[in-house]
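Notes for the one structure printed next.
We did not get these values from a lab; they are worked out from the coordinates using the rules stated. Just so it is clear, the structure is predicted and the values come from calculations on it, not from any experiment. Positions of Cβ are generated from backbone atoms using ideal geometry, with glycine treated the same way; all protein chains shown enter the neighbour counts.
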Amino acid sequence: MTLVSHQPTFIIFAEKISFMRKLILSLLFVTFLLTANAQQRLVYQMYVLGSTDGDTTFVEVKRSGNQLKIQDINEFDGQLIPGISTDITYVDYSQDSAFFQMSYSDGDEYFCSFPLKNNNVTFTEEGEEMMNGYKCKKYRTSINSNTIEVWMTETLGYNATPSISRGALNGVMIKQLINGNRVFELKNIKKDRKLKNEIIPDNLGTRVSAQDIDKISKEKLIIRVPVFDEEQINFAEIEKFQGEIPYDSVIRFAYGTLILKKINLQNLPEHYSYFIEVEQQSNGDAYDRSGSIFVIPTERELSLKDALIDSIQLLHSYTDRRDITYRAIKLEDDFLPVVELMRFFTPFGVNHYNNAVYIDGLEWHDVAYYKQDVTDVSKHLRGDVLIGAFIGNYDGGGHKLSLDVVAYPSDYSWDLSQNDDWTLPLFNTCNVMEMAGQHYGRMFKTDSLTVEFEVPENVSDLRLRYISTGHGGWGGGDEFNPKENTIIIDGEKVFTHTPWRCDCATYREYNPASGNFWNGTSSSDLSRSGWCPGTATQPVYFDLSFLKPGKHTITIAIPQGEDVGSSFNHWMVSGILLGINN
């Protein structure tokens, strides 16, 4: 008889529990090891070989499984300019997809997606070699005449790269070299057990196209201030304005041919570039007209604002040898002339007359567009600003005009301590108050224009910003005949300049109402003294760095032509002294 020993049932059950516990713990440990191995933080550095300016940037790549999170990790001291985004690129190798996300401090978030494979880029494998301690495959490609070399290692068992815009290669990027001197290389790898398995957020913000995300990025950085929006500038009876000019209201003066607005513009760091953008179209006037965008300085006792609200007779006068009196045209102890930002000229009837004239082969533009860099006079675009627009015309419909002031950054720093530009408006014969009694600049027939000014002790690097256009619209008039402008400093002739534009035919399609001649040319095609219909006249600059501190004189002399009957020649000249405040 065989005796069989039976273990109690509870002992067998306990042993099973113990086995299961060990199995679970083992599985958890393996999972932990696998998870830990799947989470890394890679840091890359980017620099230029031979550079001594310390311009090195760092990029962090966090990896969890098949996903990457790529982000710059550069530290910045000080306050950033507005419009800077936090940019992150996410990669999902399992979905062959990448996502670029921009996040802003105001809560706005945008993203776009794109495939990892880039069919426009082909890499050629050039063999294997050691790079920074890793066995790598070397690849080469060329994009837009730039030679790009890439070293990838597959020894780490996963994929990771800080640069995915040119497509994804297998392995981890160890180094990238562009044109032999721009380096992007791996600095270190560390495990990061704090990473989640899924590092791509469920909500990345508003989805937009790649083109739109670039547009949004730039628009956020730009500071744009709308000033005028399709405001009419015409000749009409208007109610005379009385009292203080309010902020952000468009006020009309000089029978509606001059519009003015008081705005407050923030003080920006000196690295910002200032531009003005103007759009103009005819609202009935068929002719080419003189126009000006300007600022009225109010630092001194008198300004053009006093003349606009009261009378031009309040301001200083200058009488030439023909007994013609000119007011508000030059610097005085208690008066600054207007600061001309842009001199522009309307085309013949753009938009309003587009359907009235048909010429085979020509397609009329809908609007005349002008954009000009005014950074050198941006001192006058800070704080409270009286900014105006003038178009000389006698038409009831006149013109429509829009104006924006636009500032572009060239640095990330919001440092306001470096604004050291200095300006002194000297003269301006562009008669923006033409319809309120301010005469054309006809003095050059018998006289020159002389202005006394003083250079302070702490100002250097002086330059003259000079705009000059000649007018007299008949064959023998100054508009169609080159005339040399002479600039005399302290009694000595130092510069000559002949304003002349011979490219006016380029702008034919802005000029539907231009008169056409028997020989196939048109009035708007003709070369002119420093201007063309539908263009802005660019300033020219003269070096006055030789001027010492103290009092000086500047004289402008032009051989203005003879008048013919009731027709006369005249010159619009403006000059601003620029310098650096030390």
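In a DSSP loop and with at most 12 other Cβ atoms within 10 Å, there are no chymotrypsin sites (Phe, Trp or Tyr not before Pro) in the stretch 265-345.
For the chain, the share of DSSP beta bridges that are antiparallel, to the nearest 5, is 95%.
For the stretch 42-193, the equivalent ellipsoid built from the Cα gyration tensor has semi-axes of 25, 20, 16 Å, listed from largest to smallest.
Report, in debye and to the nearest 20, how large the dipole of the stretch 503-582 comes out about its Cα centre when Lys and Arg carry +1 and Asp and Glu carry -1 on their Cβ. So the dipole magnitude of the stretch 503-582 works out to roughly 340 debye.
Per DSSP H run of n ≥ 4, the term is -39500 (n - 2.57); total these for the chain, divide by its residue number, and report the mean residue ellipticity at 222 nm rounded to 500 deg cm²/dmol. One gets -2500 deg cm²/dmol as the mean residue ellipticity at 222 nm. Relative contact order of the stretch 42-193: 22 percent, from C-alpha pairs under 8 Å at least 6 residues apart in sequence. Rounded, prolate or oblate for the stretch 132-218? Axes are the square roots of the Cα gyration tensor eigenvalues, ordered a ≥ b ≥ c, and the cut-off for rounded is a/c under 1.5. Since a/c reaches 1.5 but b/c is at least a/b, the shape of the stretch 132-218 is classed as oblate. Here the stretch 90-150 was treated as a single set of alpha-carbon atoms; its pair distances binned every 5 Å from 0 give 4, 13, 14, 13, 18, 18, 9, 6, 4, 1 percent.
Seen from LEU258, the other residues with C-beta closer than 9 Å to its C-beta sum to a net charge of 0, counting Lys and Arg as +1 and Asp and Glu as -1.
Taking other residues whose beta carbon is less than 13 angstrom from the beta carbon of ASN118, and scoring Lys, Arg as +1 and Asp, Glu as -1, yields +1. Considering only alpha-carbon pairs that sit under 8 angstrom and 6 or more positions apart, the relative contact order computed for the chain is 14 percent. Under conditions of 4 °C and 1.567 mPa s, the chain yields 44 µm² s⁻¹ as its translational diffusion coefficient, taking Rh as the Kirkwood radius over Cα pairs in the Stokes-Einstein equation.
Annotation: cysteines of the chain without a disulfide-compatible partner (Cβ-Cβ under 4.7 angstrom) are CYS112, CYS136, CYS430, CYS502. Considered as an equivalent ellipsoid built on the Cα gyration tensor, the stretch 187-279 has semi-axes of 51, 16, 13 Å, the largest given first.
I need the shape label for the stretch 252-305. Rule: rounded when a/c is under 1.5, else prolate if a/b > b/c, else oblate, with a, b, c from the alpha carbon gyration tensor. Judged from the Cα gyration tensor, the stretch 252-305 comes out oblate (a/c at least 1.5, b/c at or above a/b). Counted over the stretch 307-431 with a bin width of 10 Å, the fraction of Cα pairs per bin, in whole percents, is 8, 28, 29, 21, 11, 2. Sites count as exposed loop sites when they are GluC sites (Glu not before Pro), lie in a DSSP loop, and have at most 14 other Cβ atoms within 10 angstrom; the longest stretch of the chain without one is 76-197.
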